Structure formats: C-alpha cells, structure tokens
Amino acid sequence: MWAESATDPIYLKVADGWKGLYGHGNEYAEFHVKGNDAQLQDAYHVLLRNNVGMMVSFVDKKEFHDQKDLLSAHAQWEINYWHEHASRVESNIRQDLMGSNQGLKVTEIKVYNDKGAQMSSYLIGLAANDGVFVLSVSPAKKEVDPLVKELVSSFKLVNQKLDPERVKNLASEAKAHN
C-alpha cells in the first residue's frame, strides 16, 4: 500500500499492476493501472510506461459556477486554463475511448506555445457528487489510446466513504488475489 497522507490517492499493489483509490467526501474513485512497468512517482503522478505519464486529481464543483453538467464544465474549465497559458488550444471529445459509461468523459487537449511546440493530454473525467475525479494522461498519441481505454474501463465511482477500514478490506482482497 502506498500513499503520502490521508487525503491523497492510495495505491494497492495487485498481481498485474496497481489499484488506485481516491476518496472525496462519501465516495471514491477506483482505477486500475495495469502492467508491472508502472512506477509511482508520488501520490498524484504515475509513470505508466516509458514517456507516458498520468496525473490524478479532483476538481471541486465550486470551480464550475453551478453548472449542472459537471463533465462538460470540467473540460471547459481545463480548456479555459490553457487558453490563459498557451498561444493556441485544441480540444476534441474522444467518444471512441469512452466506452458505455455515461458518467465519464474523455477529452483530448493539445496546447501550443508561440514557437509551435505542442503538449497533449487526455483528460478522463469521472462525475462525482461534489465534483470530478480526473486522470490526465500525457502525451495524447494513437499508440497511447489502448492504455487510455484500459484506464477508462476500470475507472469507476464507488458511493462509499474511503475510510481506513474500507482501505484495509480492499488491501486484504488485493493480497488474496496476488
């Protein structure tokens, strides 16, 4: 088990990688980072494989000024941020990566500076009661798509508080399957 503080994401070692748990209020997000090449950098950053990173975050719905569609509001919030810090921003909703989960949205964002250099990422947003859990995977490239689909298929909201007892039970389950 790995975490830095009680409010940080928690990672449980499983046979084929890591199970990530990130609690907020009376619910938590769960996701599976497959592959033994994945390296935890800190509670919020994972090196998924060579040159592919992921950041884990939660954005409170207060940031979205009472908008009802939290997933669209979150994507627009991110795009607005990058418009303030980049020369050009492109975004594209990636239906092909989303699967059937209606509570989830994948947005590809490309950001350019004034010299034409590009940074790209996939924002995987999962709607929660108080905001949006986010997995941000970079770079956004065709060869990363299968990895994103894998993350998307495992990214789910659990309507239960992630308290120490729950973490202990999940850790025991993970050990039993290793």
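The values are calculated or read from the model by the stated rules, or taken from the named source; none is laboratory data. The shown structure was predicted, so the numbers you read here are calculated from the model rather than taken from an experiment. Every residue, glycine among them, receives a Cβ derived from its backbone with ideal geometry; neighbour counts consider all protein chains shown.
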Inset, instruction - Determine the pairs where a residue that is farther than 21 Å from S121 by Cα, located within the stretch 55-68, has a partner that is at pLDDT below 90 with Cβ atoms under 9 Å apart, the partner being 6 or more residues away or on another chain. - result: K61/Q67
Legend entry - K156 under 19 Å from V59 (Cα atoms), out of contact with any Gly (no Cβ under 7 Å at 6 or more places or on another chain), among the basic types (K, R) and surrounded by 13 or more Cβ atoms within 10 Å (Cβ to Cβ): yes
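Tell me, please, whether a residue that is part of a strand (DSSP E or B), in contact with a helix residue (DSSP H, G or I) (Cβ under 7 Å, 6 or more places away or on another chain) and not hydrophobic (A, V, I, L, M, F, W, C) can be found in the stretch 146-163. Walk me through how you get there before you give the answer.
Going residue by residue through the stretch 146-163, those that are part of a strand (DSSP E or B) are 156-158.
Those still in the list that are in contact with a helix residue (DSSP H, G or I) (Cβ under 7 Å, 6 or more places away or on another chain) too: none.
So far as the stretch 146-163 goes, no, none of its residues is part of a strand (DSSP E or B), in contact with a helix residue (DSSP H, G or I) (Cβ under 7 Å, 6 or more places away or on another chain) and not hydrophobic (A, V, I, L, M, F, W, C).
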Legend entry - Qualifying position, being among the hydrophobic types (A, V, I, L, M, F, W, C) and either touching an Asp or Glu at 6+ places or on another chain (Cβ under 7 Å) or touching a residue at least 40 places away in the same chain (Cβ under 8 Å) (or both), among A86, A38, A75: A75
Inset, instruction - Would you check which residues across the stretch 88-105 are in a loop (DSSP other than H, G, I, E, B) and surrounded by 13 or more Cβ atoms within 10 Å (Cβ to Cβ) and list them? - result: R94, G99, N101, G103
Inset, instruction - Output the residues belonging to the stretch 69-87 that are loosely packed, with under 13 Cβ neighbours inside 10 Å and within 12 Å of A127 (Cβ to Cβ). - result: D69
Inset, instruction - Tell me, yes or no, whether the stretch 98-108 has at least one residue that is at pLDDT 95 or above, more than 29 Å from P164 (Cβ to Cβ) and of a type outside the set (D, E, K, R). - result: yes
Inset, instruction - Scan (1) in contact (Cβ under 8 Å) with a residue 60 or more places away in the chain; (2) under 29 Å from A86 (Cβ atoms) for the single condition S154 breaks and write down its number. - result: (2)
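Anything in the stretch 106-145 that is part of a helix (DSSP H, G or I) and surrounded by 14 or more Cβ atoms within 10 Å (Cβ to Cβ)? List them, or say none. Outline the logic, then answer.
In the first step, residues of the stretch 106-145 are kept if they are part of a helix (DSSP H, G or I); the result is 142-145.
Within the stretch 106-145, V144, D145 meet the criteria.
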Legend entry - Residues located in the stretch 88-125, provided they are of a type in the set (S, T, Y) and in contact with a helix residue (DSSP H, G or I) (Cβ under 6 Å, 6 or more places away or on another chain): S91, T107, Y122
